[in-house]
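> Below is a structure I'd like to ask you about.
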Amino acid sequence: MGNQTMVTEFILQGFSEHPEHHVLLFSCFLSLYSVALTGNVLIILTITFNPGLHTPMYFFLFNLATMDIICTSSIMPKALEGLVSEKSFISYGGCMAQLYFLTWSASSELLLLTVMAYDRYAAICHPLHYSTKMSKAFCSMLATGVWVLCAFNSAIHTGLMLRLNFCGPNVITHFFCEAPPLLLLSCSSTYVNSVMIVLADAFYGILNFLMTLVSYGFIISSILKMRTSGGKQKAFSTCSSHLIVVCMYYTAVFYAYISPVSSYSAEKSKVAGVLYTMLSPTLNPLIYTLRNKEVKAAVAKFFPFFRS
């Protein structure tokens, strides 16, 4: 058939099977998107203009907030449009661009959460050598590595998708373009794509999750060995926010994506999509701000209207 794509645009099914809930969903999604953008921009501005927050932990939080903005902004405008229009169309090129930025930001968040777990491990388990282990150059190298590696990974998956033929039907059973429902629409072999997805799941999902568990295993062991309750409480408070975010994000990822493409469930994937493209970027700034006295103080300093 050659490498010519016959489908020039796709239809995003979104939540068309529940038209009676469109007004409610639009209000909820718009609110979540507004809070996510506002919260993450505030985090970025606060860390940028407060020298006291120029530490490894907040440097990685800055990167996480940036990826949250990319993730939710690549999805939400089209999702909101789909809730107010009869049919939500997206061009072939627009779909591939959405796939690229979503894969890039989602995989980057998983790696950043692992890097942040290592940062907490170094701070709690090796406090005397923390400044050496987490030097500015090393942190910059880690962040750059995350961005570049995940951009390359996303380019591979998007490139493999571009080589496929789409002859119709063109209805994507989701509210954004992602790999599993797109592969179900292809009329050419998707074997290589499926293999690469399994490898990516193994690395970004399972391996990173295990590395995070190992880091927290050492962290919990070190906290339990501390003699004073004050020391234990302070140590736990420095990593509790990150632990909450990790649990929330991996729950959504495992719920929908650590499974073969052949067992793809549209409804399950939509729920998980809401969790990690809307709810997680919205809650991350709130979790890190509300549970962190330094960030709360910095936000109140630069934005007095946030004082309680």
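> With +1 on the Cβ of every Lys and Arg and -1 on the Cβ of every Asp and Glu, and nothing else charged, how large is the dipole of region 14-123 about its Cα centre, in debye rounded to the nearest 20?
On the way: 3 positive and 7 negative charges, 47 e Å.
Dipole about the Cα centre, nearest 20: 220 debye.
> When only DSSP loop residues count, what trypsin sites (Lys or Arg not before Pro) in region 183-250 have their Cβ near at most 16 other Cβ atoms within 10 Å? Before the final figure, lay out the partial values.
On the way: sites: Lys225, Arg227, Lys232, Lys234; in loops: Arg227.
Those that pass, being in a loop and sparsely packed, are Arg227.
> Additional query: Which lysines, if any, have their Cα less than 20 Å from the Cα of Lys270, not counting same-chain residues under 8 positions apart?
Lys78, Lys87
> Which are the unpartnered cysteines of the chain, meaning those with no other cysteine Cβ under 4.7 Å from their Cβ?
Cys28, Cys71, Cys125, Cys139, Cys150, Cys239, Cys247
> Which residues make up the longest stretch of the chain that has no GluC sites (Glu not before Pro) in a DSSP loop with at most 15 other Cβ atoms within 10 Å?
Working: sites that count: Glu17, Glu86.
Within the chain, the longest run free of exposed GluC sites (Glu not before Pro) spans 87-308.
> Step through the residues of region 170-176 one at a time and calculate ³J(HN,Hα) from phi using the Karplus curve (6.51 cos²θ - 1.76 cosθ + 1.60, θ = phi - 60°), rounding each to whole Hz and writing x for Gly and Pro.
My calculation for region 170-176 gives 10, 8, 8, 7, 7, 9, 8 Hz in order.
> Counting only protein heavy atoms and using a 1.4 Å probe, what share of the accessible area of region 58-203 belongs to carbon plus sulfur, as a whole percent?
72
> Here's another thing I want to ask about it. Got a sec? Charge dipole of the chain, +1 on Cβ for Lys and Arg, -1 for Asp and Glu; which of His157, Gln233, Pro77 is way out at the positive end?
In the chain, that residue is Gln233.
> Under 17 Å Cα-Cα from Lys136, which aspartates and glutamates qualify once same-chain neighbours fewer than 8 residues away are excluded?
Partners found: Asp119.
> Tell me the per residue accessible area of region 1-99 using a 1.4 Å probe; a whole number in Å² is fine. Mind dumping the intermediate values first?
Working: 4640 Å² over 99 residues.
Ligands and nucleic acids excluded, the figure is 47 Å² per residue.
> Can you give the extra length, in nm with one decimal, that the chain gains between Val41 and Ala137 once fully stretched, where that is 0.36 nm per residue apart less the Cα-Cα distance?
Between Val41 and Ala137, full extension yields an extra 32.1 nm.
> A further question follows. Report, ordered by chain and residue number, the lysines lying within cross-link reach of Lys232, taken as a straight Cα distance under 18 Å and ignoring same-chain residues fewer than 8 apart.
List returned: Lys293.
> Measure nothing fancy, just the Cα-based angle from helix 56-73's long axis to the longest principal axis of the chain, in degrees from 0 to 90, nearest 10.
20
> Calculate how steeply helix 22-49 sits against the longest principal axis of the alpha-carbon atoms of the chain, using the helix alpha-carbon long axis, and give the answer as 0 to 90 degrees to the nearest 10.
40
> Tell me which of Ala122, Leu45, Cys28 sits at the most positive position along the dipole axis of the chain, charges placed on C-beta atoms (Lys, Arg +1; Asp, Glu -1).
My answer, from the dipole projection, is Ala122.
> Could you work out the relative contact order of region 1-106, using alpha carbon pairs under 8 angstrom and six or more residues apart, expressed as a whole percent?
Computed value for region 1-106: 44 percent relative contact order.
> Per DSSP helix of 4 or more residues, -39500 (n - 2.57); summed, then divided by the residues of the chain. What does that give at 222 nm, rounded to the nearest 500?
-23000 deg cm²/dmol
> Sticking with this structure for a sec: Averaged per residue, what accessible area in Å² does region 104-185 show with a 1.4 Å probe, protein chains only?
Numbers: 3150 Å² over 82 residues.
For region 104-185, the per-residue accessible area is 38 Å².
> Right, here's the next one. So, with +1 on the Cβ of K and R and -1 on the Cβ of D and E, and no other charges, what is the size of the charge dipole of the chain about its Cα centre, to the nearest 20 debye? Walk me through the intermediate numbers first.
Numbers: 17 positive and 12 negative charges, 291 e Å.
So the magnitude is around 1400 debye.
> Can you give me the angle between helix 293-302 and the longest principal axis of the chain, using Cα atoms only, in degrees from 0 to 90, rounded to the nearest 10?
Between helix and principal axis, roughly 80 degrees.
> For region 90-209, what does the relative contact order come out to in percent, with C-alpha contacts under 8 Å and a separation of six or more?
Once divided by the residue count of region 90-209, the mean separation gives 35 percent.
The values are calculated or read from the model by the stated rules, or taken from the named source; none is laboratory data. Keep in mind that what you see is a predicted model, and the values were worked out from it rather than measured. Here the Cβ is made from the backbone with ideal geometry for all residues, glycine too, and neighbour counts use every protein chain on show. These area figures cover heavy atoms from the full protein model, side chains too; ligands, DNA and RNA do not enter into them. Shrake-Rupley method; radii C 1.70, N 1.55, O 1.52, S 1.80 Å.
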